[in-house]
Structures are given as C-alpha cells and as structure tokens.
Amino acid sequence: MPEINPYARLDRFIRAYAEKPGGLVRVLQKAQEIFGYLSPEVQTYVARQMKLPASTVAGVATFYSQFAAVPQGKNVINVCLGTACYVKGSGEIFAAFKKLLGVDADETTPDGLFTLRATRCLGACSIAPVVTVNEAVFAHATPETAAAIVARYRKEGEERKDAAEYAGLGRAAATPPPPA
Ligand code: FES
C-alpha cells in the first residue's frame, strides 16, 4: 500500500478539527504524532492551513509541555515532579534517570533512544510517584524502577534494530508542500 504523504494526513485532520473547540491543540497533537516533533516548518504549515497567525500556533506549541520543538527520542520518559510525587521521592527518580542516561532534562540520548523530561502533576497522585514512558504508566516508581525501565527499553531498542524495523519508525520526514 503506498504511504500517504504526512502533510496530506495532517490536512485531513485539520479539515476535521479546524472549526472545533480546542481544534488547534488537537491538530498540533496530531502533527507531533505524525512528525515526532513540531518543527518550525510544521508550525508554519499548520498556521497557514488553519489561517491563524504564526504567533498563535507558536504560542500554543510552547505553552504545553507535551509539545516538543526539537526531535524527541524513540522513548520519551516523563518523571512527575508535582508535589505529591516529589514528596514521595520523584526527585531521586529523576536524578537516577539523569545518571543512567547521561542526559539532563529535555535532552535526548545520542542514540536517539530516550528523551528525559520532567512534568507537572499528571492527575494520578494516588499512585505517586509516577513515571510515564510514551503511553505506558509506571506507578509507585523508585530509582530501581528507573533502572528497570532503561534496561527494558534498551533491550527492546536492540531487538527492533535487529529486526531492521527500528530506523525512522513512526517518524515522517517530508517537506511541506508550497503554498497554493
Ligand atoms: S503530583 Fe504526580 S501525579 Fe500528581
């Protein structure tokens, strides 16, 4: 089956959501899902298609911590540093990740496998401290959980590489079409 141009995929979504409340946030979420991050080109494209000022799109893209303006690792680790998680030790978990991965907050490992981010309350304080990796949620995390997560996702990364499925998986690179 021929691959659909990522901008065409985004256009379909824009058509469906442009007029809906919160449409811009939904469109940017979709754009990030398709492209992996919101590059300046993608932001400009969204502004053009939605007939919005570029500053409005950039404002939303930078306001929400879920959006990234630079390429993200294959696995995005979020450690909640909200109050409930912090008092239960998420600061130590975050420090453990930094040490294990050799990166600071908002940085990506050189192999592109992990991006480490700190987040605010995820609304799941009853299972604090909380760590998420992509869509997966890890409850009552500890520094040992951090070590187990890194080991598990590294192993998975190796297996995918072996299966030759790893490179560029889920990430679309394309040039936006010229303005009509
Ligand atoms: S403070 Fe972490 S989930 Fe609420």
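The values are calculated or read from the model by the stated rules, or taken from the named source; none is laboratory data. Quick caveat: nothing in here was measured; it's all calculated off a predicted structure. A quick note on method: Cβ atoms are made from the backbone with ideal geometry, for glycine too, and the neighbour counts reach across all protein chains shown. Heads up: the accessible areas ignore ligands, DNA and RNA and are worked out on the full protein's heavy atoms, side chains in. Shrake-Rupley method; radii C 1.70, N 1.55, O 1.52, S 1.80 Å.
Specify the residue with the greatest mean-square fluctuation among 141, 68, 124, computed from a Gaussian network of the chain linking alpha-carbon atoms under 10 Å apart.
Looking only at 141, 68, 124, the biggest GNM fluctuation is shown by 124.
Of all DSSP beta bridges in the chain, what percent run antiparallel (nearest 5)? Working shown, then result.
Values: 8 of 14 bridges.
The antiparallel proportion sits near 55 percent.
Where in the stretch 16-86 are there GluC sites (Glu not before Pro) that are in a DSSP coil and have at most 16 other Cβ atoms within 10 angstrom of their Cβ?
19
Which pairs, out of 74/99; 74/155; 99/161, put more than 21 Å between their alpha-carbon atoms?
Details: 74/99 19 Å; 74/155 13 Å; 99/161 24 Å.
Going by Cα-Cα distance, 99/161 fall outside the 21 Å limit.
What number comes out for accessible area per residue over the chain if the probe is 1.4 Å? Units Å², please.
Values: 10380 Å² over 180 residues.
I get 58 Å² per residue for the chain.
Between residue 37 and residue 56, what is 0.36 nm times their sequence separation minus the Cα-Cα distance? Round to one decimal in nm. Please report the intermediate quantities before stating the final value.
Working: separation 19, 0.36 × 19 = 6.84 nm, distance 1.74 nm.
The span from residue 37 to residue 56 would gain 5.1 nm if fully extended.
Quick one: what do you get for the stretch 1-136 if you divide its Cα Rg by 2.2 N^0.38 Å? Walk me through the numbers before you get to the answer.
Numbers: Rg = 16.8 Å, N = 136, 2.2 N^0.38 = 14.2 Å.
Compared with the compact-globule rule of thumb, the stretch 1-136 sits at 1.18.
Which Cys residues of the chain have no other Cys beta carbon under 4.7 Å away?
121, 125, each lacking another Cys Cβ under 4.7 Å.
Using each residue's phi in the stretch 24-30, evaluate 6.51 cos²θ - 1.76 cosθ + 1.60 at θ = phi - 60° and report the 3J(HN,Hα) Karplus result to the nearest Hz, with x for Gly and Pro.
With the stated coefficients, the stretch 24-30 comes to 5, 5, 4, 5, 5, 4, 5 Hz.
How much of the accessible area of the chain, in percent, comes from carbon and sulfur atoms when a 1.4 Å probe is used?
Values: 5820 of 10380 Å².
That fraction is 56 percent.
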